[in-house]
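The values are calculated or read from the model by the stated rules, or taken from the named source; none is laboratory data. What you are looking at is a predicted structure, and each value in this text was computed from that prediction instead of being measured. For neighbour counting, all protein chains shown are included, and Cβ atoms are generated from backbone atoms with ideal geometry for every residue, glycine included. Quick note on the areas: whole protein, heavy atoms, side chains included, nothing else; ligands and nucleic acids left out. Shrake-Rupley method; radii C 1.70, N 1.55, O 1.52, S 1.80 Å.
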Amino acid sequence: MEWPACLDEYEKLVIRMNTPRVVIDNAVCPTATLVKVDSARRHGILLEAVQVLTDLNLLIKKAYISSDGRFFMDVFHVTDLNGNKLTDESVISYIEQSLETIHYGRSNSFNGLTALELTGTDRVGLLSEVFAVLADLQCSVVEAKVWTHNGRIASLIYVKDCNSGSPIEDSQQIDRIEARLRNVLKGDNDIRSAKMTVSMAVTHTERRLHQMMFADRDYERMPVLRHSTDYPVVTVQNWADRSYSVVNVQCKDRTKLLFDVVCTLTDMEYVVFHATINTAGERAYLEFYIRHIDGTPISSEPERQRVIQCLEAAVGRRASEGVRLELCMEDRQGLLADVTRTFRENGLNVTRAEISTQRDEALNIFYVTDEMGNPADPKIIEAVRQKIGLSNLKVKELPMIYHQKGESEEQTVGVGGTVLLSLGSLVRRNLYNLGLIRSHS
């Protein structure tokens, strides 16, 4: 490591002591790549480590977290979406470099874009109205993520001026955007809870969505319709002898599950001292030994119930409900407004969305149900595809993790069914979005 000339020997020693040590090992486990991280302990560093892995859409099949005094040790067993070990040296190098720099904190601000944060009551067609307003105000949507849960919606939308390509900084234009979107969110019956704010930079997008829904208190609301029988089971007990609260979560396994749980615990100001994460077939088992940031365990029944509610909500916000539709076509002004209007006119409700653009190409994912939250009629889906373009809008199977059969933990995971993206293409797409590699096309 080359040191800046301004650092003295003591400052260099402090940096060495606090820089995480990272080892990535493909030899120990036959079915997964081991990622080992040793570092000085500080609040939030576990979340940042998990974030590095999940931002690359890696699956964390097992994990062991242990804190000893001022240091912690993490071991993650990871695979790609196909259940394969990591073999791409550029991916391994990126993971090493990212984990070694998490001591300095990581941000996910989108340079040159304006961030719009929206929360309110979900309803059929709401997203169509939002995108129609943005198109009318000459706002180009570059990136966006939309979550719905328990009848509420949270969305983080990154926009720029479609004429200049610059962030929107004019105060009068910002006021117009805020006023019109706030009116859309309010609808006829959400005068108090609808919120819309504008900022030039935000924290990690998905962490911010959790924070927005937490602030909206979605965890206190009952689901309007609950069709899923696979609801997470969360228990919290105190281990009085060691002054820990023990949190157990059992639910269906999926991508980014560990991130969602650790993110919620961290933002509720709990510290994870020890944890074990295991998966078997389609099930995930997570156990955490936590204390409040002041060193105390959970101390009351209302606090215990609140932790349970919040973790159930954290698992449920990203649960994939509905048919997954992928839109890939040349981007243009008003495209999202037109596509989501077509969904609305055909009685389709968007339960989750991920919007992205690469150069001039739109790469969007929508999860849709019917107006009542039931599975959408295949005939309606085909009619929508016909209107938007069969080659542009495709029905996609979920990644293998949602379909794999229960297998022995020691068996190699098979690649059953249709897999959307290989690790190579998926990770390279993520690295391209982060500006860390160039396109070869």
Given (1) polar (S, T, N, Q); (2) closer than 20 Å to residue 263 by Cα; (3) open to solvent by less than 60 Å² (accessible area, probe 1.4 Å), residue 193 misses just (2)
Considering the stretch 233-251, residues that are closer than 21 Å to residue 61 by Cβ and in contact with a Lys or Arg (Cβ under 8 Å, 6 or more places away or on another chain), and then whichever is least open to solvent (accessible area, probe 1.4 Å), we arrive at 251
Within the stretch 47-93, residues over 25 Å from residue 265 (Cβ atoms) and of a type outside the set (Gly, Ala, Ser) come out as 80, 81, 82, 84, 85, 86, 87, 88, 89, 91, 92
Considering only helices (runs of 4 or more DSSP H) wholly within the stretch 252-352, the ones with at least 3 residues that are buried (at least 19 other Cβ atoms within 10 Å of the Cβ) and within 21 Å of the chain's Cα centre (by Cα) are 257-267, 301-317
Residue 391 vs (1) modelled with pLDDT of 90 or more; (2) closer than 30 Å to residue 165 by Cβ; (3) open to solvent by less than 80 Å² (accessible area, probe 1.4 Å): all pass except (3)
* Of the residues that make up the stretch 252-260, is at least one at positive phi and in contact (Cβ under 8 Å) with a residue 60 or more places away in the chain? -> yes
Going through (1) at pLDDT 95 or above; (2) under 29 Å from residue 45 (Cβ atoms); (3) of a type in the set (D, E, K, R) one by one, residue 129 fails only at (2)
From the option list 209, 185, single residue qualifying as under 25 Å from residue 309 (Cβ atoms), among the hydrophobic types (A, V, I, L, M, F, W, C), modelled with pLDDT under 95 and open to solvent by less than 20 Å² (accessible area, probe 1.4 Å) is 185
Considering the stretch 212-232, residues that are out of contact with any strand residue (DSSP E or B) (no Cβ under 8 Å at 6 or more places or on another chain) and at pLDDT 90 or above, and then whichever is most open to solvent (accessible area, probe 1.4 Å), we arrive at 217
Reported set for the stretch 34-49 where residues are part of a strand (DSSP E or B) and touching a helix residue (DSSP H, G or I) at 6+ places or on another chain (Cβ under 8 Å) is 35, 37, 39, 40
Margin query: So for the stretch 383-391 (the condition being closer than 22 Å to residue 129 by Cα, more than 20 Å from the chain's Cα centre (by Cα) and basic (Lys, Arg)), does at least one residue qualify?
Written below: yes
Over the stretch 370-385, the set of residues within 10 Å of residue 322 (Cβ to Cβ) and loosely packed, with under 14 Cβ neighbours inside 10 Å is 374, 375
